[in-house]
């Protein structure tokens, strides 16, 4: 690559891709799609374990990545949101974690390499797992935890190593509802970097769960930022839970306080009574225009309910704007 991502962030707003799950749902896949070629004899149902499709239906995942790049994305995320043994334990697939992450990274990188018009990047998606280190799942035992910090570190280490073996350019710790989980992920990343003698840029993206402006574990946006600001991050931002219009006040806080690039990938509005997202590409772009007018953003994309059509509308708009000035670069 002629320019690295840090240099590009100073020049333009970078575009992240949209939802993977929304695009997978368009294919109306059945149980056999999650088994073919690898898991035919597995003892548990696998339908809905979308990460497996990187192994059993790689052409579908490749096509989704390709559609997002064609829509204008600079960065696509690997199909590994549930790529830890903690999340895969629900399907008794802990032993498949390395393959899931490695193949997901490999096929995303293969698609990225098809595009030579400008640098394209692959971000290894590291989800929050389905357990929290800060909250008890048992209301009768508030001191109980379903997972330990060390177990999280172990799980994230396995995922990070496989993503790096597969060739990702960036690591994205995303949809953070519990900052302690995120700290475990970042501790694991740092350990893996030290062992390998290799570092990658790190993006972090938290989730404000409602209009209280707090994460699920009660942190405000500023507290979330402060908790992670000791690390040399590429970016910090917000994704999921909220649509663009409701996310804006919290991005304003990050814009004022963050020494890093600021990212956002909101949902296409809030889900309706059927769990669907109704905001059209034009509606979502109109709201994101407010982010751009205020100079809040360095990286912008979409989360739940967003499609290549949404990303194209956002990319077409963002190219007319300068990126937010990163505070660490000012002065």
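The values are calculated or read from the model by the stated rules, or taken from the named source; none is laboratory data. Treat the numbers as computed from the prediction; the structure is a model and nothing was measured. Note that we place each Cβ from the backbone using ideal geometry, even for glycine, and neighbour counts take in every protein chain shown.
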Among residues of the range 107-124, those that are surrounded by fewer than 19 Cβ atoms within 10 Å (Cβ to Cβ) and touching a residue at least 24 places away in the same chain (Cβ under 8 Å), counted: 5
Looking only at the range 194-207, and only at residues there that are outside any loop (DSSP other than H, G, I, E, B) and within 20 Å of the chain's Cα centre (by Cα), the one that is farthest from residue 265 (Cα to Cα): 202
Count - residues of the range 100-156 that are within 28 Å of residue 37 (Cα to Cα), assigned to a loop (DSSP other than H, G, I, E, B) and in contact with a helix residue (DSSP H, G or I) (Cβ under 9 Å, 6 or more places away or on another chain): 4
Test for residue 145: is it surrounded by fewer than 23 Cβ atoms within 10 Å (Cβ to Cβ), over 22 Å from residue 50 (Cβ atoms) and touching a residue at least 12 places away in the same chain (Cβ under 8 Å): yes
Selection from the range 208-239 of residues that are surrounded by fewer than 21 Cβ atoms within 10 Å (Cβ to Cβ) and in a strand (DSSP E or B): 214, 220
Positions within the range 125-142 being surrounded by fewer than 20 Cβ atoms within 10 Å (Cβ to Cβ) and under 22 Å from residue 304 (Cα atoms), in sequence order: 130, 132
Checklist (1) over 24 Å from residue 193 (Cα atoms); (2) surrounded by fewer than 20 Cβ atoms within 10 Å (Cβ to Cβ); (3) in contact (Cβ under 8 Å) with a residue 12 or more places away in the chain applied to residue 177, failing item: (2)
Residues within the range 224-253 that are more than 24 Å from residue 81 (Cα to Cα) and in contact (Cβ under 8 Å) with a residue 40 or more places away in the chain, tallied: 3
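Pick out the one residue from 10, 62 that is assigned to a helix (DSSP H, G or I), at negative phi, surrounded by 13 or more Cβ atoms within 10 Å (Cβ to Cβ) and at pLDDT below 95.
Values: 62 fails: at pLDDT below 95.
Matching residue, one of 10, 62: 10.
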Residue tally, condition over 18 Å from the mean Cα position of the chain (by Cα) and not in a loop (DSSP other than H, G, I, E, B), over the range 86-99: 8
Single condition residue 326 does not satisfy, out of (1) under 22 Å from the mean Cα position of the chain (by Cα); (2) surrounded by fewer than 22 Cβ atoms within 10 Å (Cβ to Cβ); (3) closer than 19 Å to residue 236 by Cα; (4) modelled with pLDDT of 95 or more: (4)
Among the residues listed as 153, 111, 173, the single one being at pLDDT 95 or above and under 17 Å from the mean Cα position of the chain (by Cα): 173
Residue identified as out of contact with any helix residue (DSSP H, G or I) (no Cβ under 8 Å at 6 or more places or on another chain), over 22 Å from residue 9 (Cβ atoms) and at pLDDT below 95 among 273, 194: 273
Qualifying residue in the range 289-309 (condition: within 30 Å of residue 230 (Cβ to Cβ) and surrounded by fewer than 16 Cβ atoms within 10 Å (Cβ to Cβ)): yes
